[in-house]
Every structure is written in C-alpha cells, then in structure tokens.
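Everything below concerns the one structure shown next.
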Amino acid sequence: MEILIEDHQMLLNSATGYLAKKQSVAAFRALRDGDEPLGYDATAYRQMADLGWMGLVLPEEYGGSDFGYRAAGLIAEQMGRNLTAMPFVSTAILSATILREIGGDMLTEWGMKIAMGECVVALAIDEGAKHRPGQIKTQAVRDGDGYLLSGDKSFIADGMGADRLIVSAMLEGELTLFWLDPLEACFGTSCCDIAPQKLLDHRNYASFYIKNCRLNENTLIAKGEVAEKALAKALCAGRAVVAAEQLGMAKECAARTVEYLNTRKQFGVLIGVFQTLQHRMAHLYCEIEQTSSLVAQALNAIDENAEECEKLSRAAKAKVAKLGKLATEEAVQMHGGIGMTDELDLGLFMKRDRVLTEFLGDAACHIEWLLREQKI
Amino acid sequence: MDLSFSAEEEAFRGEVQAFLKEKLRPELSAKMKLGGAPSKAEMEEWHALLNERGWLANHWPKEYGGAGWTPVKKFIFELESELAFAPRIVPFGVSMLAPVLIKYGSDAQKKHWLPRILDGSDWWCQGYSEPGAGSDLASLKTSAVREGDHYIVNGQKAWTTMAQHADMIFCLVRTSKEGKRQEGISFLLIDMKTAGIDVKPVITIEGGHEVNEVFFTDVKVPIENLVGEENKGWTYAKYLLTYERTNIAGIGGSIALLGHLKQAARKRKKHGKPLLDEPYFAARVARVEIALENMKTTNLRVLADVAAGGAPGAESSLLKIKGTVIYQELTSLMRRAMGAYAAPYFPEAADEGFNGQVGPDEALHAAEDYFNHRKLSIFGGSNEIQRNIVSKMMLGL
C-alpha cells in the first residue's frame, strides 16, 4: 500500500537488493557468533557509504545527497527487516544531523568523512537506565584556554572504536556539546576509561567515565541555544529513524509468521485456517499500517522542518514500542516452541526490539512529554 | 473449605512456613528471587531436604512413601514454597510419571521405580512432543516395534526439558498405525544410557539451555518397561493431564514476583520520585494486581470444588490461561522498571562470583526472565489449545 516518489522507490529497491544479499539476518548472526568487537563489518560499512546511505541527510556540497530523513527511514526499515548491524543511526543520522545544524568548518571537514564512510561518530548523551538528555550530570569547567570534563556516560551506540564522540555536558549552566577524540582523551588511566557494554542485541555499545579530563578549546562545538537546537533536531531524527527500523522488524516478524501459518500443519490442516490466528494476524496488520503512517508523517515533518516534528517523532517512537512488542510476542507465540529457540531468528528480533524501545526514550517517556508539553 | 482455609489447614500452613524458614538456604532463595534458575545440584539438594521430611511425594498414597496430602494441603505447600522463592519440585518423576505408575503400573514397576524417584537415583524427563506433534500430540510418529523381548524404538522427541540431566525418559511411542491415531500409542520407560539415544541441546532466546531434542535410532527397550497395556498410552497420558492441576496458575510465584516488583519500583526513581508513584506505571501494576487478587479467588473456588470431590477439568485451562498471562505481564513490568539496565546481556551472571553488573540487582535477570517466560503460554498445551478446551468442554461449542 506504499506509494513512493520515484527517487525513494529506486533507493528502496537498491536497499532491499543489497541488504538481502550482503547484510541479511545470517550476516548479523555470524557477527554475533564471531564476537566481532566492533559489532559490524567494516567492509560492508564502506559499501553502504558507496551506495550513498551515509550522506542521505547531508547537503550535496558536503558529499551528501540531501535525500532527507524520509529516505533514511526507508533504509532503516530495510535494515530492521534484515537486522543489519551498522553505525547508521549513530553516525549518519544522529551525528550528521548535529553537524548539519552546527555548520561551519566542522561540517566541512566531518560531513564529507561521514558521507564517504570514513569515520564513525557516536553520540554520548545517556547517563543511566533511562534516556534523560535534558537532565545530565556531566560537567565541564573552563581551564585556561581549554576545559576540564567530568562525568559518566553509558549506552553509547557504536561507541567502541568510534573515531569521535559527541559528548553532552553542562558548562556554566548551559548545555554544551564537546567533540571528543577518544585517542586524545585520557581513557585508560585511573580516572577515565571507556568499556564495551554488552546488550541483548549484541551490537556495539560503550560506557565511559571521565574525571577532570583536559580538552582543547576547539573541542567545544556548540553551547547554549545552538547546542539545544542541534541536539533537539538530532533526537527528532533519531527517534523517527529508529522507529522506522523497529517498524521494519515488526513487518518482518509478521511476514515470517504469515509464512509459518501457511506451512505448519497440525490436526491435519495448515494452522493458518484457524480463525483465532487469522484475526490476530489481521489485528497486527492494522497496527503495522497505522504505525507506518505515523512514522512516514514524522519523517516528512523532519524533512519539512515542520514545528510538529518533535511531537510526531515522539508519538511514532511511543507507538512503535507497542507495535514491536505485539509483533515479536505474537510471532513467538504463533510459532510455538520453535519460536522460543535461538536457532530461529525471532528471538533476535525480539531482543533488538526491546533495546531499541529503550534507545532514545521508551513509550512512557514520550507519552509523558506529550501529556506535559501538549497540555493533553 | 469455601473460599478460606480451615483452622487445621491454617496450622499446616504454619508448619510449611516454619520448614521453609529452617531448611531453605537464604542464598538459594535470594538467587531464585532475582530470577536465577536453580542448578541440578540445587534441585537435588532441595529434593533431598523435602524427602527427609516426607514431603517430596506429598500427593502419593502413604503406602508408596507419600504423604497422602489432600489437594488443599498440596496447594498450600506449593503456594508457600513459591512465596518463599524455594525451587519447585521437579515434576517429571514425582508428579508426572509416579501417578501413572501408581494407577496403571505393574507391582514390579512400582516397587522398582517409585523408591528411586524418592531418593533421587533416577532423574526423569518427559518424551511427548515431536517436531510435527506439538499442539496435535496424537500425531506423534516415534515408533516402537516389538522384536522378541524388546521394543525397537526409532524417532525424535522435541522440547525435552532437562533431558541433559536425565537418567530415564518416559515416552509416548506409536505401536500401531491401525484405527484411531490415539489408539496406537503406548507408554514406554527408556533408559537414557541405552545405545542409539542422542541428546542435542536447544538454546532458547534468552540464551539458556533447558530443552533438548532427543533422537532414537534402533534403541532396544525391554518389554517389561511398557506401562500398562500396549496401545493404551494415550489414556495414561490423559490421566496425567487431569491429575492435580490445581496450582497450574502458579499464584504463589506471581504474588512473590509482584511483591518483588513493587519493592524494585519503589527503589527506582523517576524525576526524583519512586517509579511506583508514576501514574502510567502504577496503573499497569494496579491492573495486574487486581487480576492476581481475582485469580486467587478463582483458584480457591476450583480448589474447593476438587476438595469436595470434583475433578478439575477445563477449569485447569482457565487457571493456566489467566495465570500465565499474569506472570508474563509481571516479568514484562519488571523489565520495564529496570529500563535499559535490563538490556545488558550477561549469560555468565548465573555463575558464582560474577560482579560485572551495571545497575541494580533486580536488573540482573529481568530481561532473561521476561524472554524465558514467553514459554509459559506455549508449553503444557499452548493458551490457544487451552481456549479450544474451554470452548469445547465448558461452552459446548
């Protein structure tokens, strides 16, 4: 029921083809079982950049295609369907959006590198179990012509081995973004260290603590209103694109379940003939379509720089959290015992879904915002 | 009893509580409280303590070494054990095979196998489901062909819980392809060490190893290991399913988990206030608490019926559906309460001396517990099958 503009349709076609061939669930499983420390395949990362995916939200003069967030959502949805593990959201969406909002030399230098797939830039904002980007404890103080940074950050997607980290901190009571080179930070000393965090979805996450780490003057990339605005836009984009990824996962679980209902026989018939299962699948179908609309609307709003993009991206993220739970639980239940096994892929979808639900805020976090800010 | 226990039953409850307080190792119950699974050694330890007290085979008649408890006493014991986070009695030998042997087994079989269940000499597992015979169990294909004084067994069993620990397996096997499918099934006892048996682990989504596939290739089983008559196995298997399922809702486990959840949600802070004070979360907790309170009464009604001589039929389906939905919602809420702290993956967390955790203790197994317990609505007859039973038996549809 999707009608896309021609450019988007072409992009989608190339994505489905490439991902099915090179970055399918089997590829993710191989990464997981091989305990690849980066959690992704560096060669495939370059290929993805060659396909133009890393520069989708970057302007053409900085090596991007400026295809926009709706296009990025289409790619993310396909990555969801294939459980593709790539520093796409961290680098091409969250970090690229911040750079785009800040502009200037940073965008000139690093925009190009991101678009070319030459670097990974991770965003370090979360400090505990819940996503609270507005209530951070990480502090920076001026120290001569530089800064001293102290704080803890965790659940940093693609943080291990990243070329740069964008770190949020409070400086003089204002939100500030620092551009941290992990090689120049004092990681590995007694007061500062970075370590991998192994989560249920077996991707690359890092946490670090830092105490009075000396940063140069040029590491401050945004402060005050500029930082607030850049981060807000990046979070809108991140939420909507992650929602698209989760949507893709829900669609894949539903498709696999329909296939199973059409092949598994019990009591001498295909189990798909049982009306109770048909109705539940029909319900799931309706929920998927409703969520698809909301995700598309949120992504378009970001592309149009519309005022509602914050509201819509939060609504989409909250809605997809419910959908993801429904789709993965129903898939496991209708597959029965086999759905419980690690050998079948459904568990991988279920675990990734739950991690993404927490990432950039769960349903409660966004519903609460909507209640408060929208005065519902 | 009506909806409350008699004075004598209340006194018995006190006795059970005292036993649990005295005998259950605090480290073991603490581990269980955080959602950890007991090891084989810990299960054996608990069985031995119960057996010493004469409470292991609590529902067996006294002549076979049982305690001869009434269904009410058995229910009270299980409720209190779950509330105290004690390991469950491993059901395969004590609660599943033994009642069949007592009712249908030969004297020699009873004399040989029952004491070995009590003293832990034999660990049993159950060979019912097959890859093509899950909800539709009667379509099972594993065959047993008579050759002299042996059966030769070929086929495959699936979802065999604890097969990796078991000495023996009780199996449903096909001995005839004539007539109705249910009438060609026999009940065989098979030594897991027999040549031709191959056990392959099945890892479930949370990373655990509870279930296995068991393959049989020309496995020789002496004919004296046939229980009852040939081709009557379905009757015996069905007897098991109607036997004492009054605690199938696992009320005690849910009450205990609810308490644990509330405690954890009181400790967790959201915007500086306890998570439990947050209306969105509190409403979900309240909903499940109401369902659980409600379930307690329904469970007592079924129990009262059984105590008065009734047999739990399709009522056990009601208990299973409602009870598993409640427990699954509780594990889901626990995971929600822990937020991203439930996301870290620590398969080694069950090992002693593990200290790699991030976040509170309650987070350690929260996700594992949630993923693992998706099985509740699938095994032992999926909730869809239970609803079929209710439709057919209670509604006549």
So which of A:Lys22/B:Lys200; B:Lys31/B:Lys267; B:Lys157/B:Lys232 end up more than 22 Å apart, counting from Cα to Cα?
A:Lys22/B:Lys200
To the nearest 10 Å², what's A:Glu228's accessible area with a 1.4 Å probe?
100 Å²
Which shape class, rounded, prolate or oblate, goes with the protein assembly as shown when its Cα gyration tensor gives a ≥ b ≥ c as root eigenvalues, a/c under 1.5 marks rounded, and past that a/b bigger than b/c marks prolate?
prolate
Region A:73-228, dipole about Cα centre (Lys/Arg Cβ +1, Asp/Glu Cβ -1), debye to the nearest 20:
500 debye
Label-point gap, in nm, between B:Glu52 and A:Arg29 - each point 7 angstrom along Cα→Cβ
4.7 nm
Förster radius 30 Å - calculated FRET efficiency between B:His209 and B:Ser176, Cβ distance, rounded to 0.05
0.30
How many square angstrom of accessible surface are buried between A and B, both sides summed, with a 1.4 Å probe and rounding to 100?
3500 Å²
Averaged over residues of B:330-343, the number of beta carbons from other chains lying within 10 Å of each residue's Cβ is 5
Taking alpha-carbon centroids only, region A:42-57 lies from region B:1-49 a number of Å equal to 58 Å
Among A:30-39, B:125-134, the order from most to least packed when residues are scored by Cβ within 10 Å on average:
B:125-134, A:30-39
Extended-chain gain in nm, criterion 0.36 nm per residue less alpha-carbon gap, B:Thr297 and B:Asp198:
31.1 nm
How crowded by other chains is A:49-62, given as the mean number of beta carbons from other chains within 10 Å of each beta carbon?
0
Once all protein chains are kept in place, B:Glu42 shows an accessible area at probe 1.4 Å, nearest 10 Å², of 30 Å²
Can you give me the Cα centroid spacing of region B:77-97 and region A:62-82 in angstrom?
53 Å
What does the charge count near B:Ile223 come to, summing +1 for each Lys or Arg and -1 for each Asp or Glu among other residues with Cβ under 13 Å from its Cβ?
-3
For A:Asp7, B:Asp107, what's the largest-to-smallest order of accessible area, 1.4 Å probe?
B:Asp107, A:Asp7
Note on region A:6-119: alpha-carbon gyration tensor, axes a ≥ b ≥ c; rule is a/c under 1.5 for rounded, else prolate if a/b larger than b/c, else oblate; result oblate
Strictly over 31 Å apart at the Cα level, which of A:Lys233/B:Lys269; B:Lys73/B:Lys273; A:Lys265/B:Lys111; B:Lys62/B:Lys375; A:Lys153/B:Lys322 would you flag in this model?
B:Lys73/B:Lys273; A:Lys265/B:Lys111; B:Lys62/B:Lys375; A:Lys153/B:Lys322
What does the average come to when, for each residue of peptide B:279-287, you count the partner chain Cβ atoms lying within 10 Å of its Cβ?
1
Drop in accessible area of at least 20 Å² in the complex versus isolated chain, residues of region A:248-273, 1.4 Å probe
A:Arg264, A:Gln266, A:Phe267
Would you please classify the overall shape of region A:174-236 from the alpha carbon gyration tensor, given that a ≥ b ≥ c denote the square roots of the eigenvalues, rounded means a/c under 1.5, and beyond that prolate means a/b larger than b/c while oblate covers the rest?
oblate
With charges only on Cβ, +1 for K and R and -1 for D and E, what is the dipole size of region A:1-73 about its Cα centre, in debye, rounded to 20?
320 debye
By how many nm would the segment from A:Asn212 to A:Leu370 lengthen if fully extended, with 0.36 nm per residue of separation less the alpha-carbon distance?
53.2 nm
Report the charge-dipole magnitude of the protein assembly as shown in Debye, nearest 20, computed about the Cα centre from +1 at each Lys and Arg Cβ and -1 at each Asp and Glu Cβ.
2020 debye
Largest-first ordering by accessible area, 1.4 Å probe, given options A:Val273, B:Val306
A:Val273, B:Val306
Please work out the Cα center distance from region B:364-391 to region B:277-311, rounded to the nearest Å.
18 Å
What figure, in Å² to the nearest 10, do you get for the accessible area of A:Lys233 with a 1.4 Å probe and non-protein molecules left out?
30 Å²
Degrees separating the helix A:346-358 axis from the principal Cα axis of chain A, which is the longest one:
40 degrees
The FRET efficiency for A:Glu343 and A:Ser293, from their Cβ-Cβ distance with R0 = 35 Å and rounded to 0.05, is 0.50
Between B:Lys111 and B:Lys21, with labels modelled 7 Å along Cα→Cβ, what's the label distance in nm to one decimal, could you check?
4.4 nm
Each label sits 7 Å from Cα toward the beta-carbon; between B:Asp149 and A:Gln135 the label points are separated, in nm, by 7.7 nm
Report the calculated FRET efficiency for B:Ile290 and A:Cys286 (r = Cβ-Cβ distance, R0 = 30 Å), to the nearest 0.05.
0.60
Rounded to the nearest 10 degrees, the helix B:107-118 long axis (Cα) sits at an angle to the longest Cα principal axis of chain B of 20 degrees
Degrees, to the nearest 10: B:40-53 long Cα axis against longest axis of chain B:
80 degrees
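The values are calculated or read from the model by the stated rules, or taken from the named source; none is laboratory data. Since we're looking at a predicted model, the values are computed, not measured. Ideal geometry is used to build each Cβ from the backbone, glycine not excepted, and the neighbour counts take in all protein chains shown. The accessibility values were calculated without ligands, DNA or RNA, using every heavy atom of the protein model including side chains. Shrake-Rupley method; radii C 1.70, N 1.55, O 1.52, S 1.80 Å.
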